[in-house]
Amino acid sequence: MSSAGKIRPGYTRSLDLKNGCVEMAHGSGGRAMAQLIDQLFLAAFDNEFLRKMNDQACFQSFNGRMAMSTDSHVVTPLFFPGGNIGSLSVHGTINDIAMSGAKPCYLAASFILEEGFPLADLKRIVDSMAQAAQAAQVPIVTGDTKVVEKGSGDGVFITTTGIGTVPDGINISGENARPGDKILVSGTLGDHGIAILSLRENLSFHTSIQSDTAALHDLVACMIAVAPNIHVLRDPTRGGIATTLNEIALQSSVGMMLYENKLPIREPVSAACEFLGLDPLYIANEGKLVAICAPADAGKLLRAMQVHPLGENAALIGEVIEDTHCFVQMQTRFGGKRVVDWLSGEQLPRIC
Amino acid sequence: MKYIDEFRDGDLAQKIAANIASEADPRRNYHLMEFCGGHTHAISRYGIVDLLPDNVHMIHGPGCPVCVLPVGRVENAIQLARIPGLILCSYGDMLRIPTANGMSLLKAKAQGADVRMVYSSADAVKIAQENPQHQVVFFAIGFETTTPPTAVAIKQAQALGLNNFTVFCNHVLTPSAISHILQSPEVRQLGLVPLDGFIGPAHVSTVIGSQPYEYFAEEFQKPVVIAGFEPLDVMQAILMLIRQINEGRAEVENEFTRAVLPTGNIKAQLLVAEVFELRRTFEWRGLGLVPYSALKIKSDYADFDAEQRFQIPVVSIADNKACECGAILRGVKQPQDCKIFGTACTPENPIGSCMVSSEGACAAYYSYGRFREKPHATMKEN
């Protein structure tokens, strides 16, 4: 990582990963920073690019189209059922790359650490990033570390940037939805957001729900193998599926009609939303995708999703319709219709 | 979800819809007001209007506590929140309400005020316990449903000897607002607002019971059906109202028997009577000054009254002139009749109160019902 190669290891004491804390010196470019990089980041992320200790990673260029994306992670709390900010930051960027149909190749990771943050927690986070990157087979090849004074951060902020290659003939984009297309989702909605909410200080309720944080590129590869002409892919993260579909509707100048009775939502998630006065359609997901495809592709695409471990609850949830207003609507289970609007501001619970 | 899905059953809804369609007399119109924001929300969220014949019109009443709170009181809360070291605790809905200059509790928070969103009055007491060096004010709003928990919080604070906890009381009363609407010239004399019946409050009625509505049914000859907030409750209540209207009856009926007793929750009523007393008058957004329509903290509990401790002034701020919230809250106009609905006034930039909370008529129409190009029912104000 940056500037690490300039100083030879010769530390009097090794990093105290049990009881130590992040200090301003860990970001100041001196021996302490070199030690942090060497004993924590390099030890966890180890690969041929990092080992060269340069300020950048050099690799062979690819033929054809490439995809690039960056994503900052500021989640509170840092640790939650099913993952932590580390695994989330790896999955988030891999998914953003994968939603173009691309195969993610390399990641960069940038850390902003708050003075006083326990090194033991940082190690848990870094280890979980390393595991996530290894499981996804997408190495973290370069990175950066900065330390801010206590009170200027919230423990750890992580920005990851990814780069990937788009297979020939794949053209997946938010502007490609056409009236008549089918809308599919890869699994249950709202799991991540409810797992996080359940830990928030002023709510804290018990739930068995785990965050769904996962890297979706392998699922995408399986989907493209059976239906290379998928029109749109997107991961419904912040703002949930409602926001994602509204974005796509606007980009493609179409409307959408969802069927409430087809939406896969776990009962504990609906129950939590019910008593918190929230709508699961607006709750974040971190391991789900929405796919929009021609009607002829829908059946085989759904089957391909359902045989993949990350798509076993996949469902066809609606279709694209003509609508100059670009409204996303829903046929309610009750038999009526309603608009599924953009989220305005933060989703705030209702009083009664 | 058990005990919830049963009340959202689509097949049963179709059966009730068929009954409504066959029993509603095609030669007349039915104008039914749902008083509560909770009902408005259910009607919009489940698309209930799609299941009703064209001659059954739903009019959205003023029963959203966030919507009817006058801007002056929001301004008071913002001023409180800006007192250095003070922690203002509020229900989530209130945070976004804008004042005349576009300020809100959320914006005040962004500028450094310590505003905390709480789910219950008990959370505010806990915050006061944990922060003995800070003044903690609970911004209490709501109808009869949220009043008993506020009374409990005050009693708890007293028992704990908390001297840093006060309540900014804005609790209002449902029956006075209904009377006010029924007595308004538009309804009584001019006949501008045809009102054939009321869907009575759900949660409010669990506290006050069904008896307080007997007066309206009798005095104004309007049928009232108390209904739960689930969509099947609303459908059933509409059917019951249509039957009463067809038979020329004006009675109080209770659809929400699983939760509402004729006498309500006596314990909660006694608690409220112990801690609160009637205000001579209180301003409602959209309705103006309504006599004996709100509660204040009794002098016995003055130590817990933020209005006393912080000498909160009476601030009256007029609504934007173009805003039709007043007429909409009284049932005189529909959201689509307002010139700024969906143009200058949207959930992102709410100008009027009805656009702020998802229980407000305008926000419900905007968020859930915009696909309806033609308003289902329109009324003109001359």
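Tabulated results
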read-out	value
Answer residue from segment B:162-189, given it is among the aliphatic types (A, V, I, L, M) and over 22 Å from B:ALA217 (Cβ atoms) and is surrounded by the fewest Cβ atoms within 10 Å (Cβ to Cβ) among those	B:LEU162
Residue ID - nearest to the chain's Cα centre (by Cα), chosen from residues in segment B:318-338 that are buried (at least 17 other Cβ atoms within 10 Å of the Cβ) and basic (Lys, Arg)	B:ARG330
Some residue of segment B:155-175 being assigned to a helix (DSSP H, G or I) and within 15 Å of B:PHE35 (Cα to Cα)	yes
Residue match in segment A:89-99 (condition: on the phi < 0 side of the Ramachandran plot, at pLDDT 95 or above and part of a loop (DSSP other than H, G, I, E, B))	yes
Filter result for A:ASN202 (in a loop (DSSP other than H, G, I, E, B), at pLDDT below 95 and at negative phi)	yes
Selection status of B:ILE78, farther than 29 Å from A:GLY335 by Cβ, β-branched (Val, Ile, Thr) and within 14 Å of another protein chain (Cβ to nearest Cβ)	no
Segment B:39-55, subset of a type in the set (Val, Ile, Thr) and under 14 Å from B:CYS362 (Cα atoms), residue modelled with the highest pLDDT	B:ILE43
Residues within segment B:24-53 that are more than 8 Å from chain A (Cβ to nearest Cβ) and assigned to a loop (DSSP other than H, G, I, E, B), tallied	8
Residue that is nearest to the other protein chains (Cβ to nearest Cβ), among those in segment B:196-242 that are among the small types (Gly, Ala, Ser) and not in a helix (DSSP H, G or I)	B:ALA202
B:ASN131 touching a residue at least 12 places away in the same chain (Cβ under 8 Å), more than 19 Å from B:LEU278 (Cα to Cα) and either surrounded by fewer than 24 Cβ atoms within 10 Å (Cβ to Cβ) or within 14 Å of chain A (Cβ to nearest Cβ) (or both)	yes
Segment B:19-37, residues that are more than 22 Å from B:VAL193 (Cα to Cα) and either acidic (Asp, Glu) or buried (at least 24 other Cβ atoms within 10 Å of the Cβ) (or both)	B:GLU23
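Here is a yes/no grid of residues against (1) within 12 Å of another protein chain (Cβ to nearest Cβ); (2) not basic (Lys, Arg):
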position	(1), (2)
A:ARG266	yes, no
A:VAL269	yes, yes
A:CYS273	yes, yes
A:GLU286	no, yes
A:LEU289	no, yes
A:THR324	yes, yes
A:MET330	yes, yes
A:SER344	yes, yes
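The values are calculated or read from the model by the stated rules, or taken from the named source; none is laboratory data. Values in this document were obtained by computation on a predicted structure and should not be read as measured data. Please note: Cβ atoms are built from the backbone with ideal geometry, for glycine as well, and neighbour counts cover all protein chains shown.
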